[in-house]
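Notes for the one structure printed next.
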Amino acid sequence: MKIRTVRLLVKEGTFNVYKNKLMSFASLATVIATLFILGLVLLIVVNVTTNIDNMKKDLEVVAFLDRDASILEKEEVGLYIEENRKAGIVLSYRLETADEFFESLKTDLRNNEKLLDDLSPELFPDCYYIKLNHPDYSDDFIAKLKLYEGIDADWISYPKDELEKLSGTLSVINYVTIFILIVLIVVSILLISNTIRLTVFARRKEIEIMKYVGALDWFIRLPFIVEGMIIGLAGSLVSFFFTSQTYSWIRSGLDTLFASAGVPNLKMIEFNPVALRVLVIYVIFGMTMGIIGSFMSVRKHLNV
Amino acid sequence: MIRFIDATKVYSNGVVGLKNLTVRIEKGEFVFVIGASGSGKSTFLKLIMHEEVPTEGEVYVNGYSVHDMPRHEIPYLRRSLGVVFQDFRLLPNRTAYDNVAFAMQIVEALPREIRRQVPLALGLVGLSKKAKAYPNQLSGGEQQRIVLARALVNNPAVLIADEPTGNLDPKTSWEIMNLLEEINQRGTTVIVATHEKSIVDAMKKRVIVLDRGELKHDEQKGLYINEN
């Protein structure tokens, strides 16, 4: 393919977008809407996933030592946790002794000291707070931990299940979203295809002459593909702008809401670090929709 | 150059376009293809252009096997042919010059070649002065000359004309036929499908007569034979 020919055909395709302005605008609007929804849904999924991952990282295994266990048995538990830390399973851990716990209890109940009258540190067990590197390690780690004599096996807690329920709900939302997106993408492709079909129809005689004179298929297709690509590209850029503005607006609103609702740990991700990725996804989706739409329109007329 | 070997074309609706046709056209010949409507003239031309493919038999055109041809080779076969239609098929929004140049752009000719060849082709058909005119500013005869210029500008080995004088008055028809003869004398093979008895009889060229898809006569320096 010679560069001057490509230039000529690209010019022709660009001109067609302008010539068909009404239908081009309709296609553009659909691409913008489709990508806008795609973008927002993707950002919601990324936000929920990021927050769940952060929560998972903050999860702690809380394990109480048996009050009746010997010092050796308690040390064995400590050794087990330390070995796992070295192996990369445990991220960090701390031991809260019964004395330390009693001291913190005294601080908490300083206004109701009477409640402490009958209590003493000996009544409480020592306790390990263990953060794991990944929630997937928890089942195996806890199962082995329970085997130690120094551990009170009935009192090991790890709230993984609640988060897994949340992840399950998220995957259902993902499937619904994918379905809606597929429908929107198909609608966009059909609209682009119809827009370009108008150009193809207006130029069917030209296409026929081109075929009789010996034009190669790509020579005939390229202007139409360019037309579809321009609609897709323009749609993706406009949509990217709308998405970034809307997301920033939603983000500031939700962050304020989370802070005032007392859940400051929930935070929406910033747009700038993911902006390039979103733009690339938009451009790829937009241009692919344009190209597929063009191919669908021009295929029939190539069989002269 | 062009060979039909026992070629048959049956359309999907059952109509027989050509039946066991065997014919050979050599380089540099001038051939009239005549016959009533439905005799197979158009099918004959369509097979040469690969607009249709034979259902049986073989068709060879300029070294290409039309009956067994990969799709990507079709444009190259067509580049070796020039086609003239009864209804001209010019692009109305382009000037005479641009209509002719368009045929060269399609085959990716160099701009300097386009600038040299297009005026030559327009000169050959006697329309140098109408280069800037649009088709609707030209008479039927002039439009057909532009079509001839477009068909010739890429120097095809074979020129195919399907009823080239069908929409023209007798005087203009003769002008077009004289042009076709001139083109033939320059070495281009010319195949003309026509109903014009007076022209066929006067020009004394090879005449292929088709009747219901079959070859009825094939005569050098023949006359128009009324197959009915």
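Residues checked against (1) within 14 Å of chain A (Cβ to nearest Cβ); (2) of a type outside the set (Val, Ile, Thr); (3) in contact with a Gly (Cβ under 6 Å, 6 or more places away or on another chain):
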position: B:Ala131; (1), (2), (3): no, yes, no
position: B:Tyr134; (1), (2), (3): no, yes, no
position: B:Ser139; (1), (2), (3): no, yes, no
position: B:Ala157; (1), (2), (3): yes, yes, no
position: B:Ile183; (1), (2), (3): no, no, no
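Please work out if A:Thr195 is β-branched (Val, Ile, Thr), within 14 Å of chain B (Cβ to nearest Cβ), closer than 24 Å to A:Gly228 by Cα and assigned to a helix (DSSP H, G or I). No; evaluated as a whole, the condition is false for this residue.
Out of B:Gly14, B:Gly40, report the one residue that is over 27 Å from B:Ala202 (Cβ atoms) and more than 14 Å from every other protein chain (Cβ to nearest Cβ). Full working, then the answer.
Values: B:Gly40 fails: over 27 Å from B:Ala202 (Cβ atoms).
Within the list B:Gly14, B:Gly40, the selection yields B:Gly14.
Against the list (1) away from chain B (no Cβ under 14 Å); (2) closer than 30 Å to B:Gly82 by Cα, the condition A:Thr246 fails is (2).
Residues that are hydrophobic (A, V, I, L, M, F, W, C) and either more than 23 Å from B:Ile191 (Cβ to Cβ) or away from chain A (no Cβ under 11 Å) (or both) were ranked within segment B:72-99; the one that is surrounded by the fewest Cβ atoms within 10 Å (Cβ to Cβ) is B:Leu91.
For segment A:230-239, indicate whether the set of residues that are free of Cβ contacts under 8 Å to residues at least 40 places away in the same chain, assigned by TED's automatic domain parsing to the domain that holds A:Val200 and open to solvent by 80 Å² or more (accessible area, probe 1.4 Å) is non-empty. No. Summed over segment B:101-115, the residues that are within 11 Å of chain A (Cβ to nearest Cβ), open to solvent by less than 20 Å² (accessible area, probe 1.4 Å) and under 24 Å from B:Pro164 (Cβ atoms) give a count of 4. Note on segment B:197-225: residues that are farther than 9 Å from B:Ile34 by Cα and assigned to a loop (DSSP other than H, G, I, E, B) amount to 8. Within segment A:12-25, the only residue that satisfies the criterion of being of a type in the set (A, V, I, L, M) and surrounded by fewer than 16 Cβ atoms within 10 Å (Cβ to Cβ) is A:Leu22.
Is it true that some residue in segment A:202-211 is more than 28 Å from the chain's Cα centre (by Cα), modelled with pLDDT of 80 or more, away from every other protein chain (no Cβ under 14 Å) and open to solvent by less than 60 Å² (accessible area, probe 1.4 Å)? No: zero hits. Criterion first (of a type outside the set (Phe, Trp, Tyr) and more than 22 Å from B:Gly187 (Cβ to Cβ)) does B:Glu29 satisfy it? For B:Glu29, the condition - of a type outside the set (Phe, Trp, Tyr) and more than 22 Å from B:Gly187 (Cβ to Cβ) - is not met.
Looking at B:Val118, is it within 21 Å of B:Asn184 (Cβ to Cβ) and either open to solvent by less than 40 Å² (accessible area, probe 1.4 Å) or not in a helix (DSSP H, G or I) (or both)? No. Considering segment A:69-151, there are no qualifying helices (runs of 4 or more DSSP H) wholly inside with 3 or more residues that are at pLDDT below 80. Among the residues of segment B:115-167, those that are of a type in the set (Asp, Glu) and touching a strand residue (DSSP E or B) at 6+ places or on another chain (Cβ under 7 Å) comprise B:Asp162, B:Glu163. Within segment B:128-173, the residues that satisfy the criterion of being open to solvent by 10 Å² or more (accessible area, probe 1.4 Å), part of a loop (DSSP other than H, G, I, E, B) and of a type in the set (A, V, I, L, M, F, W, C) are B:Ala131, B:Ala133, B:Leu138, B:Ala157, B:Leu168. Every test in (1) at pLDDT 95 or above; (2) outside any loop (DSSP other than H, G, I, E, B) is passed by B:Ser42 save one, and that test is (1).
Looking across segment B:59-71, just one residue is touching a strand residue (DSSP E or B) at 6+ places or on another chain (Cβ under 7 Å) and either open to solvent by 70 Å² or more (accessible area, probe 1.4 Å) or in a loop (DSSP other than H, G, I, E, B) (or both), and that is B:Asn62.
The number of residues in segment B:194-228 that are among the basic types (Lys, Arg), under 20 Å from the mean Cα position of the chain (by Cα) and surrounded by fewer than 17 Cβ atoms within 10 Å (Cβ to Cβ) comes to 3.
The values are calculated or read from the model by the stated rules, or taken from the named source; none is laboratory data. Owing to the predicted nature of the structure, the values given are computational and were not obtained by experimental measurement. So basically every Cβ, Gly included, is an ideal-geometry build from the backbone, and we count neighbours across all protein chains shown. We work out accessible area using only protein heavy atoms, side chains counted, and drop any ligands, DNA or RNA first. Shrake-Rupley method; radii C 1.70, N 1.55, O 1.52, S 1.80 Å.
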